[in-house]
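J.: Pasting a structure below so you can have a look.
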Amino acid sequence: MNTRIRTELNRLKESYFSNKEIVKLWFRNHKLLGLGAMNPKLKKQEDVLNVKSYIMYMLPHKWAGVGNTCQHATPACIFSCLVWAGLGAFDLKVLASRLRKTLFYFWFPEEFDARLHHELDTLEQKQATSSKQYCVRLNGGSDLDYLATYEQYPTLTFWEYTKDFNRAMEYLTDPNFPKNVHLAFSASEKSTDEQLLAVLKAGGRVAMVMDSTPTSNTNFKWHGFPVENGDDHDFFFLRPKGIVLALYPKGTNARKKERQGFVRRALPMVA
């Protein structure tokens, strides 16, 4: 985040903190969920995969100045967060939107829930008459537990990345976990090989920042498990189970963390 954007974000925080009602009033006419197609990575694959996606973006960790949206964040992931690699790195309108949603979540939880359920009700109605698979990601830039919400919308597909190892394993091992929810464990510099292998052996998917990603001419494995290019598309629930989703380090910050264990190495597949 450049200095100008950081200054403007702090100015916005001051204005909202001085009059919290502004945030609540904003969401009388504005939505929490945005079209996934606004993300180029998702847009190029939605028609191919016959899905329609919606994402709710917040500010990560403690950047909103109230609460913590990423309880399992590590120093490297905070430093390298994708929120600062895309539009959020220079577009004040994007950052302002994410700030308002985060403040709304913490300051007005009842109103936040009502607004979110209203939007999900609408999507559920649209799903009923659509041939497309409606997919919702509630944790865009955050890592919050929305289990109670997932359970209320069995016809919608929810997909999330999480650094919560226990939640990832619960998803894989608890027979009562909602079947419409798909979690990928997001590796950090503090994730042990034992944790990552436990997820993979249980049939889970692990998102891992790697020094190289597979192409049409190259294949990789990590500890014997297949590695797929996670940058091809974000709808990992349509991929095989028990795989590594290789993500190329984005932004200068992520590449700086390569030697601190945040970026891992994949090995070419031996024929």
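J.: Of Gly204, Gly242, Gly140, which has the largest mean-square fluctuation in a 10 Å C-alpha GNM of the chain?
T.: Maximum among the listed residues: Gly242.
J.: Now a separate question. Anyone know which of Phe17, Phe158, Phe185 comes out most mobile in the 10 Å Cα GNM of the chain?
T.: Of Phe17, Phe158, Phe185, the Gaussian network model singles out Phe17 as fluctuating most.
J.: Can I ask one more? Please give the contour-minus-distance gain from Tyr146 to Val48: 0.36 nm per residue of separation, less the Cα-Cα distance, rounded to one decimal in nm. List each step's numbers first, then the result.
T.: Details: separation 98, 0.36 × 98 = 35.28 nm, distance 2.84 nm.
Full-extension gain reported as 32.4 nm.
J.: Return the calculated 222 nm mean residue ellipticity for the chain, to the nearest 500 deg cm²/dmol, obtained by summing -39500 (n - 2.57) across DSSP H runs with n ≥ 4 and dividing by the residue count.
T.: On the way: 10 runs with 103 residues, N = 271.
Rounded to the nearest 500, it is -11500 deg cm²/dmol.
J.: Got a sec to turn the phi values of the stretch 25-37 into Karplus ³J(HN,Hα) couplings, 6.51 cos²θ - 1.76 cosθ + 1.60 with θ = phi - 60°, whole Hz, x for Gly and Pro?
T.: Values, residue by residue: 5, 4, 7, 6, 10, 10, 8, 7, 8, x, 5, x, 5 Hz.
J.: Taking 0.36 nm per residue of separation and subtracting the Cα-Cα distance, what length does fully extending Thr122 through Glu14 add? Before the final figure, lay out each step's value.
T.: Details: separation 108, 0.36 × 108 = 38.88 nm, distance 3.37 nm.
Taking 0.36 nm per residue and subtracting the Cα distance, the gain is 35.5 nm.
J.: Whole-Hz ³J(HN,Hα) for each residue in the stretch 135-145, computed from phi via Karplus 6.51 cos²θ - 1.76 cosθ + 1.60 with θ = phi - 60°, x for glycine and proline: what do you get?
T.: 10, 10, 10, 7, 9, x, x, 10, 8, 9, 9
J.: Mind listing the long-range amide H neighbours of Val51? Cut-off is under 5 Å, sequence gap 5 or more, other chains count too, H placed in the peptide plane at 1.01 Å from N.
T.: Placed amide hydrogens put Gln133 under 5 Å from Val51.
J.: Whole-Hz ³J(HN,Hα) for each residue in the stretch 239-245, computed from phi via Karplus 6.51 cos²θ - 1.76 cosθ + 1.60 with θ = phi - 60°, x for glycine and proline: what do you get?
T.: 8, x, 8, x, 10, 9, 9
J.: Rounded to the nearest 5, what % of the DSSP beta bridges within the chain are antiparallel ones?
T.: Beta bridges within the chain, antiparallel portion: roughly 25 percent.
J.: Would you work out the Kirkwood radius for the stretch 20-119? I mean one over the mean of 1/r across all pairs of different Cα atoms, in Å. Could the numbers behind the result be given before it?
T.: Working: mean 1/r = 0.0677 Å⁻¹.
14.8 Å is the Kirkwood radius here.
J.: Non-local amide H neighbours of His182 (under 5 Å, H modeled in plane, Pro and chain starts lacking H): which ones?
T.: Here Phe158, Trp159, Glu160 satisfy the definition.
J.: Under a GNM of the chain (C-alpha, springs under 10 Å), which listed residue has the highest mean-square fluctuation: Ala168, Ala37, Ala187?
T.: Answer for the Gaussian network model of the chain: Ala37.
Coordinate-derived values only; no laboratory data. None of these values were measured; they are calculated from a predicted model.
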